[in-house]
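Peer 1: Pasting a structure below so you can have a look.
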Amino acid sequence: MKRQLRKAARVVRVISAAAGGAVFRFVRRLARRKPRIWHGFYPIHSLHDLVEIDRHLRYPTRSVIYSSQQVGYPLVWDELFDVVLDSRGVPWNELHWVTMTDMLWRADIWVTNFDCLFFAWHDRRNVWAMRLLKSVGIRIIVAPHGGDIVQLWENSDRYRRIERMARDYPEWDFREQTEISRARVSIFSRFADLVISGDYSLDPFLPRRDLRFKYFPIDTREITPAPAKPSAPVPVIVHAPNHRYVKGSYELIAAVERLQARGIACELQLVEKVKRSEALRIYAGADVIADQFIIGAYGTFALEGLALEKPVLTYLDQDHLRDPVFNLPLVNTTLENMDNVLAVLLQVPELRSRLGAAGRAAVERYQSIDALAEVWDRLYRHVWWGAPLQLEQTRHFTPARGARSTTEDPSSAEFWPVDVSDLMPEIESALSRL
């Protein structure tokens, strides 16, 4: 009897929120009020940063998560979000109902990731929930954070990243995960007003993608420049190997050992499972930031390295090199050219300085809260009022960015994303030691 009463109470709350929220939403649209942006409910740091964009634009905004304790170390914490349901004592079997009710009352646009469906393993219920949200006027913008759409892939990329990821996560059943991911993608692709792909590495898992760009900002107010000292006797390479196989960590460790054996001074520092504020402090002491060498696309760590005014190494595949929207002064480092790239950067401090300065300037111009606010304002206006996107008028999508050279040869001046014409003798000398 009590269980039936609880179910009835849930239904009443949802119906009330749906009806009342729809009326309030309709009145706000008639009054041309800015839409209320509702973020949730997977707890990643980029969610907090997207909220900062909304506040910069003066949109009413709200972030709601189930819990900040998703991993075994403090990657995020409660204070980053407006509502943390488990901290409010909401039972686990009530989380989805409370979340839905809150959204129905308070959301005009829901910005989310693909792992934020309300009901686990219940596609029909999720379809019902989506229909309800759409019927009461809520718009949906969805973008992947990466792990939410991981699937087995029939094709194979250069370094077989899915196979490497399976080695990083032996406890995962990747066939089961593929089924889950495809169901998520199918439902959101059916109901979302806008589907964003973060980069080309995610495209194979997204049959629908309306835009492709790094949609999350880097808070350049929080991350202040910390340029490396050109005179460092032993340059420090910092790498964050949260996934050692899919990041190419083992290959990086081996490359550093080979360089050290040839008498090229360097130190490799690995940063794992530490609080983000502590990680940023360690990154600030780096001379070189090593991101990833398998996936073919850069992530948050690379952008944070650029914001810190560090040279950043990462593998960029041909699609990313050719697309101006991904053109940042990252050093395109593959498993094949890693020794050569490192040898040059470790021995030519002026090149490290130039890359660092160019990286900070690029993040401020293209990837900061201020820069991406121009993009998100247009996205919100587009899905809420049907305004034309005209993204080419924003700094992030400006045609002036241009494409990168696709060469992977560090002995070529065009390989480097900054002018090195006067440094070529030093670059050639550095390479001669290998």
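Peer 1: Expressed as an acute angle from 0 to 90° and rounded to the nearest 10, what is the orientation of the C-alpha long axis of helix 369-385 relative to the principal long axis of the chain?
Peer 2: 30 degrees
Peer 1: Related question: Would you work out which of P329, V274, I289 lies farthest towards the positive end of the dipole of the stretch 269-337, given +1 charges on the beta-carbon of Lys and Arg and -1 on that of Asp and Glu, about the Cα centre?
Peer 2: Looking along the dipole axis, the top candidate is V274.
Peer 1: What order do you get for 53-61, 394-402 when each peptide is scored by the mean count of other beta carbon atoms within 10 Å, highest first?
Peer 2: Going from most to least packed, we get 53-61, 394-402.
Peer 1: Still on this structure, please answer the following. Could you please state how large a percent of the accessible area of the stretch 222-378 is carbon and sulfur, counting protein chains only and using a 1.4 Å probe?
Peer 2: Answer for the stretch 222-378 is 49 percent, counting heavy atoms of protein chains only.
Peer 1: What whole-number distance in Å separates the alpha-carbon centres of the stretch 275-297 and the stretch 330-386?
Peer 2: 13 Å
Peer 1: Right, next: I need the Kirkwood Rh of the stretch 1-146: take the reciprocal of the average 1/r across all distinct C-alpha pairs and report it in angstrom.
Peer 2: Numbers: mean 1/r = 0.0624 Å⁻¹.
Across the stretch 1-146, the inverse of the average 1/r is 16.0 Å.
Peer 1: Follow-up. Any number yet on Rg/Rh for the stretch 163-283, C-alpha, Kirkwood?
Peer 2: Reported Rg/Rh (Cα atoms, Kirkwood Rh): 1.07.
Peer 1: Charges on Cβ only, +1 for Lys and Arg, -1 for Asp and Glu, centred on the Cα centroid of the stretch 24-89; of F26, L80, H56, which one is farthest towards the dipole's positive end?
Peer 2: F26
Peer 1: Each residue of the stretch 204-216 in turn: what ³J(HN,Hα) in whole Hz from Karplus with 6.51, -1.76, 1.60 and θ = phi - 60°, glycine and Pro shown as x?
Peer 2: Each residue's phi maps through the Karplus curve to give x, 9, 10, x, 10, 8, 8, 9, 9, 6, 6, 7, 9 Hz.
Peer 1: About its Cα centre, what dipole magnitude does the chain give when the only charges are +1 on Lys and Arg Cβ and -1 on Asp and Glu Cβ, stated in debye to the nearest 20?
Peer 2: 2700 debye
Peer 1: Can you tell me the order of 340-353, 84-97 when each peptide is scored by its average per-residue count of other Cβ atoms within 10 angstrom, highest first?
Peer 2: 340-353, 84-97
Peer 1: Same structure again: Once amide H atoms are built 1.01 Å from N in the peptide plane, which residues 5 or more positions from I140, or in another chain, come under 5 Å H to H?
Peer 2: W110, D193, L194
Peer 1: Which net charge results when you count Lys and Arg as +1 and Asp and Glu as -1 among the other residues whose beta-carbon is under 14 Å from that of F397?
Peer 2: Cβ neighbours under 14 Å give a net charge of +1.
Peer 1: Same structure, new question: From the backbone phi of the stretch 143-157, what are the Karplus-calculated ³J(HN,Hα) couplings (6.51 cos²θ - 1.76 cosθ + 1.60, θ = phi - 60°) in whole Hz, Gly and Pro given as x?
Peer 2: 8, x, 9, x, x, 6, 10, 4, 9, 5, 10, 5, 7, 10, 8
Peer 1: Something else now. Against the 2.2 N^0.38 Å scaling, with N counting residues, where does the stretch 221-312 land? I'd like the Cα-based Rg ratio to two decimal places.
Peer 2: Expressed relative to 2.2 N^0.38 Å, the Cα Rg reads 1.05.
Peer 1: Accessible area per residue of the chain at 1.4 Å probe, in Å²?
Peer 2: Accessible area per residue: 44 Å².
Peer 1: Give K134/K247; K214/K275; K273/K310; K229/K273; K134/K214; K214/K273 a once-over and call out the pairs whose C-alpha atoms are over 32 Å from each other.
Peer 2: Details: K134/K247 39 Å; K214/K275 24 Å; K273/K310 22 Å; K229/K273 27 Å; K134/K214 26 Å; K214/K273 24 Å.
Over 32 Å apart, Cα to Cα: K134/K247.
Peer 1: Still on this structure, I have one more. May I ask for the net charge around D339, where only other residues with Cβ less than 14 Å from the Cβ of D339 are counted and Lys, Arg are +1 while Asp, Glu are -1?
Peer 2: Neighbourhood net charge equals -2.
Peer 1: Then there's this: Which three extents, in whole angstrom, do the alpha-carbon atoms of the chain cover along their principal axes, largest first?
Peer 2: Reported extents, whole Å, longest axis first: 78, 46, 39.
Peer 1: What residue among L389, L328, L372 has the largest mean-square fluctuation in a Gaussian network model of the chain, using Cα springs under 10 Å?
Peer 2: Comparing L389, L328, L372 in the GNM, the peak value goes to L389.
Peer 1: Over all directions, how big on average is the projection of the convex hull of the alpha-carbon atoms in the stretch 89-204, in square nanometres?
Peer 2: One quarter of the hull surface, i.e. the mean projection, equals 8.4 nm².
The values are calculated or read from the model by the stated rules, or taken from the named source; none is laboratory data. Computed from a prediction, not measured in an experiment: that's the story for all the values here. All Cβ positions, glycine included, derive from the backbone under ideal geometry; neighbour counts span all protein chains shown. The area values use the complete protein model at the heavy-atom level, side chains included, leaving out ligands, DNA and RNA. Shrake-Rupley method; radii C 1.70, N 1.55, O 1.52, S 1.80 Å.
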